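Q: What follows is a single structure, and I will ask about it in a moment.
The values are calculated or read from the model by the stated rules, or taken from the named source; none is laboratory data. Since the structure is predicted, the reported quantities are computational estimates derived from the model, not experimental observations. Cβ sites come from the backbone with ideal geometry, for glycine too, and all protein chains shown count toward neighbours. Accessible surface areas use protein heavy atoms only, side chains included; no ligands, DNA or RNA. Shrake-Rupley method; radii C 1.70, N 1.55, O 1.52, S 1.80 Å.
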Amino acid sequence: MDEIKNKFLDLIHKQQNKNVKIPAMGFSDYFIQNVQASSIQSVPSTEKSKIPDSEVRLSDQEILEGTESIYFEDNANTSIYELEKFSERCDLEVISQQMSVLKQQHKVISKKVLQLILDNRTACNEEFTRIEETEKMLCEAIWVCKKGRSYLNFAKKNLTTTSLEILATYKKREILMELLKTLKTIKRIKTTDTQLQELVSSGNYSGAISTLLECRKAAERYSQYKCVESLSQKLQDTLLLTEVQLDSVLNEMTQQFDTKKYTKLQEAYKLLGKTLMAMDQLHISFISTIHTAAFTVVRTSIVDATDEQKTKQLFETMCESVAADKYISCLINLCRSFWGILSCYYQVTLWHQNFNLDPEADEYIQEKLKNGQVRIWNDIQAKVCVYLMSPRLLQLKFEQFIQVLCVIQRLKKVGVEFCGDASAKLMDSMKNQSMEFFKRYHSACLEEISLFLDNEAWVCVNSFSSVSQLQEFKCVKKALIRHASGQNASDPVKPPTPRLSAQPLPNTDNDSSVHSQDGGSSIYAFCGYFLRFSEKSSPFDGGFDESMLEEDILAGIADETSCYFSEESDDDNFSGTNETDSNGQNSLIVNNTSLTVLRCIGRYLQMCRLLHSIALQIVASMTELIDFFIFVVHELFAKDLPVASSNLYSLSLTANLQRISEQIIPKVKNWPPSKSMIGTDLENGDEMFGLAKRIVGVESACCLVEQFEQLQGYMLHLLPGNERKPLEEYFTNSSFVSDLRKPVYMCATARLADMQSILLAMAKVKWDINHVTVQHSPYIDSINRAIQTFAMRLEELSKQTSVPKAFVWDSMAHVLTHTLVEGFSNAKKCSTGGRALMQLDFTHFISLLELISGLKYAIHQAYVDAYVKAFYLPKDLLEEWIREQKESTEYSEKQLVGLVMCTCNNDKKTRQKLLGIIGTGDVS
C-alpha cells in the first residue's frame, strides 16, 4: 500500500514540475474534435447526410446525461445489452453509428472521472495524513501491549502459593459474614409481628408499614430458603391485617379528628401507595358515619319500642315514632352529631391544604374533597328532611316550632359556610311543613281572637306605649329601631356567606357563652361557625329557649346585628313617636283583644324572620288578623245607627268591609261574636250609649293599624322585592280604618243629640217672615244646652279613658249640622227673611260649638252654608247646583226636594224640571 501511495504521489509531483496537463485518459478535447471531424469526413457524402446534426453539436454534459444508466451499474453485462439492440436490424451502418456514440460517451466519461480525481486530490492527501496518524497510534498500542505482557509475566513469576491461601481465607470470611447477615435478617423477619403490633399500638403507622415493607423485600431476596418462604406468606397476611387496622383508625377520623394521627396515617398510606384509595375510603366512611349517627340519635329518642323493634325499623318509621316532647331535643342532638362530622371533614380539608405528602395525587385529592362537600351535605339534608316530614312537627306548640325554625336556619348557615349550598331541599321541606303548621296556627289564632272578642270588656289598657314592650317583639327590637330610624327598607342586605377557608384554623374559644353565638356584641359575631367551634363544641349547644331567642340568633338573614344599639335607648328610640293628649295621658288606646292581635303579629314576625320562603303568606295572615278585628268592631258598634248611613261610609271603608266579609269571615268558625259582654250599654243613655266602649273599640283598631305601620320597614326588608307589592298596597289603603270612627261614634252622638226633639222644635219656627230680629230661634237654646251637657259628660268620660275629642266632637258636629239641614228642608214656606234667620241661628250655633269644643268645623260649616245660600241662586245656577249635589250625594233627596219646593213655590215649570232632575215627581 505504501508503494502504491508513493508512486501515485511521485506521478503527481512530476506532472506539477513539468507544468504539463494530464490528458483525459489519452482523450483531449482537441483529439476528440479531430477524431469526430475525420470520422465525419471519411463518411461518404451519401452517409454524411444521414448523420443528424445533434450528434455533431452535443456538449460533454449533454453526452454524459444521454448515457444510459446501465453503464453506471455494478456487475452489469453491457455487451449483451448492446447486442440485444441489433436483434431486429443488424447492418454495418447502424453498428458503426452505435460504436461512434459509445466511443464518444466513453471518452466523455473517462474525462469526467479523471477530472473528479483531480478535484479530490486535497481530500486524498488529508486521508493519507490520517492514515499515517493511525499507523502511529497502532505502533504505540503495540508497545503498551508488550509492556503489559511483560508486567503480567513478572507478576506471574512472583505470585506465591501463600498469597493464594490468604485470598481463599478472606473469601471464606466474606461468605460467613454474608451467612450471618442472612440469619439475622431471617430472625428479624420472624419477629416482625411483635414489632408491628408495638408500632401500631403506639400510633406509629408509617414506621409499621415501613418495617413491614422492608421485611417483605428481605423475604423476596431470601426466597430460596424454605423457612423464609413460609414467613413471606405470613408477612403478607400481617400486611393485610395492618391495612385493616389503618382503615379502622381512618374511620375514627370521621368522628374525632386528630392531626398527628391523621398525618401518620397519610404517611403510612403513601408508603403503601394507596393514598388515593385511602381518600376514597375516607369519603365512604364519612357517608356511612352520617347514616349511622342519624339512626343512633333517633333510636335513642324512641322509648315505646324494644331494642329489637328499633333495629328492624326504617329510618322514616323511627322518625315518626319520636314523641312530641322529645322532638326538639332529638333534632338538636341530630344536628349536633352532624356538626361533629362536618367539623372533622373541615379539619381534613384544611390538613390537605396545608400538607402535601404526595404532589402527584394532590390535584385528585383536592377535587375529591371539593366534590365530597356537596355529597356529604346532601346526605345530611336528606336525613334532616326525612325527620322534618314527621307528623309530630305539626303537633308542636308555636314556641317549640320557632325553636325548630331556629335550629334549621342555623343548620342552613352551617351548610352555606361548609360548601356554599343554600340547602334548597332542606328549606323546601321546612317550607312545606311551615305552611301546613302556619295554616293551622293561623286558624287557631283567628279562633283565639274570636274568643277574646266574645269575652272582651272593651276597656282601655293604660300601660301600653309601643309594641317593643311585648315579649314577642324582643327578638326583633333592634331591627325595628333601625328601620324606624329611617333606613330604607328596600336597601339590599348582604349576609355573609363564608365558605371553607383555605387558611389554617386559629385557636377557637370552645368555652364561649352559648348566648353569644349570634349576638351582636360578641367578638365572634362575624366569624364563621367552623372558626368558632370544633367537633367537641357546636352551634347547637345550649338549647334554643326563649333567652336564646332574645339574642339575635340569625345575624345573617334579617341582620339585626349590623348596627350596635345600647339597651338603655331601645325603648326611647322606638316609642319616641307616641303622642300624649292634653291631660298628659298616653294617646294609645288598646284593649286586651288588640294586644292579643299584636302578640300574634309578633309571633308571626318571628316565623317570618326565620323562614323567608313563606314570608308573604305570613304577612298576609297578619293583615287578616287586623282586618278581622276591624270588622268585628264595625259589627259590634256600627250596626245600631239611628240615622241613614249613606253619607257616613267612604268608598274605601265600604270596599274593605265587603272584602273582609267575603275573604276572612268564612275562615272563622265561631261567627258571629257574642254581644253578651257589651250588654245593654249601647242602649243605655246614662252610659252615653256605650260611647266609652265604642271609643275603645274604634281607637284600638286604629292603634292596631298604626302599630302595624311601624313594622312596615322591617317587613318590607324581610320580603323579596317581587313580593312587596301586596304589603305596600295594604299600607296605602290602611287609612280606611280611620273612616270607621264616623259611623261608630254617630251611633252614640246621634242619640245624645236628641235629633227628634230638635226637629220638632225647628218645625214650630216660621220661616216665611219678612223681617229678621237679632234674636235666634228657641231651638238653638236647646241645642246649646245639649252641647254643654255633652261637653260635661265627655269631660267626665275622659277621666276614665282617653277620649279622641277631635273625632268625637266632629261626630257631634256632623249630627247637629245634618239635623239643622234636615230641619231647614222641612220648611214648607221660606222667605228671604227666613233664610236670614237660618243663617243667624247657624252662626250662633257654630260659634258656641267651636267655643265649647275648642275646634273648628270648616267642612260642616260649609255644608250648612251651601244649603242655605242655595236659596239665593238664580234658576240656571240652582239647576247646576242640584245636578252637582245629585252626583255627590252629600244632601239627601228629601233635602233637595225641600229646597226646590221653597225656592220654586210660585214657578211650577221650574219646580217640575228640578224635581225631575232630583228623580221625583211633582209633590205639590
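Q: Set the Förster distance to 35 Å, then compute FRET efficiency between GLN788 and ALA763 from the Cβ-Cβ distance, nearest 0.05.
A: 0.90
Q: Roughly speaking, what % of Cα-Cα pairs in segment 294-418 are separated by over 23 Å, rounded to a whole number?
A: 42 percent
Q: Stick to the Cα atoms of segment 596-748, pair each with every other, and give me the Kirkwood hydrodynamic radius in Å at one decimal.
A: It is 16.6 Å.
Q: If each residue of separation counts as 0.36 nm, what is the full-extension length gain between LEU873 and GLN775 once their alpha-carbon separation is subtracted?
A: Between LEU873 and GLN775, full extension yields 32.7 nm more.
Q: Let me check I've understood the local charge: for LEU276, count other residues with C-beta under 12 angstrom from its C-beta, Lys and Arg +1, Asp and Glu -1. What total comes out?
A: Charge balance in the 12 Å sphere: -3.
Q: LYS639: accessible area at probe 1.4 Å, nearest 10 Å²?
A: It works out to around 120 Å².
Q: Still on this model: Return an integer: the convex hull volume of the alpha-carbon atoms of segment 743-801, in Å³ per residue.
A: Per residue, the Cα convex hull of segment 743-801 comes to 98 Å³.
Q: May I ask you to derive the FRET efficiency for THR317 and LYS260 from their Cβ-Cβ distance with R0 = 51 Å, giving the value to the nearest 0.05?
A: 0.75
Q: Subtract the Cα-Cα distance of GLU447 and GLN469 from 0.36 nm times their separation in residues, and report this length gain in nm to one decimal.
A: Answer, rounded to one decimal: 5.5 nm.
Q: For LEU116 and TYR81, calculate 0.36 nm times their separation in residues minus their Cα-Cα distance, and state this gained length in nm to one decimal.
A: Length gained, LEU116 through TYR81: 9.9 nm.
Q: Oh, and also: Restricted to Cα positions, what overall size does segment 53-176 have along the principal axes? Three whole-Å values, descending.
A: Sorted largest first, the three principal extents are 97, 36, 25 Å.
Q: Assuming a ≥ b ≥ c are the square roots of the Cα gyration tensor eigenvalues, decide whether segment 826-923 counts as rounded (a/c under 1.5), prolate (otherwise, with a/b larger than b/c) or oblate.
A: Note, shape of segment 826-923 comes out prolate.
Q: Compute for segment 316-369: radius of gyration divided by Kirkwood radius, i.e. Rg/Rh, restricted to C-alpha atoms, rounded to two decimals.
A: 1.30
Q: Something else: Along its three principal axes, how long is segment 697-759 when you only count alpha carbons? Whole Å, largest extent first please.
A: For segment 697-759, the Cα spread along each principal axis is 59, 17, 10 Å.
Q: Which sequence of TRP671, TRP809, TRP881 reflects their accessible areas, 1.4 Å probe, from the largest down?
A: TRP671, TRP881, TRP809
Q: When a/c reaches 1.5 or more, the comparison of a/b and b/c decides; with that in mind, is segment 441-487 rounded, prolate or oblate per its Cα gyration tensor?
A: In terms of gyration-tensor shape, oblate.
Q: Apply the Karplus curve 6.51 cos²θ - 1.76 cosθ + 1.60, θ = phi - 60°, to the phi angles in segment 259-274 and return the couplings in whole Hz, x for Gly and Pro.
A: So the Karplus estimates, Gly and Pro as x, are 4, 5, 5, 5, 5, 5, 4, 5, 4, 5, 5, 5, 5, 6, x, 10 Hz.
Q: Can you pull the three principal axis extents for the Cα set of segment 370-456, in Å, largest first?
A: The Cα atoms of segment 370-456 stretch 61, 22, 16 Å along their principal axes.
Q: May I pose another question? Hey, any idea what % of segment 124-169's accessible area is carbon plus sulfur with a 1.4 Å probe?
A: Percent of accessible area from carbon and sulfur atoms in segment 124-169: 64.
Q: Under a plain spin-label model, where a point goes 7 Å from the Cα along Cα-to-Cβ, how far apart in nm are LEU64 and SER645?
A: Result: 13.2 nm between the two label points.
Q: I'd like the carbon and sulfur percentage of the solvent accessible area for segment 362-463, probe radius 1.4 Å, heavy atoms only, ligands and nucleic acids excluded.
A: Exposed carbon and sulfur together represent 50 percent of the surface.
Q: FRET efficiency for SER735 and ASN432, Cβ-Cβ distance as r, R0 = 30 Å, nearest 0.05?
A: In this case the efficiency is close to 0.25.
Q: Give me the one-decimal nm value for the distance between modelled label points at ILE166 and LYS828, 7 Å along each residue's Cα-to-Cβ direction.
A: My value for the distance between the label points is 17.1 nm.
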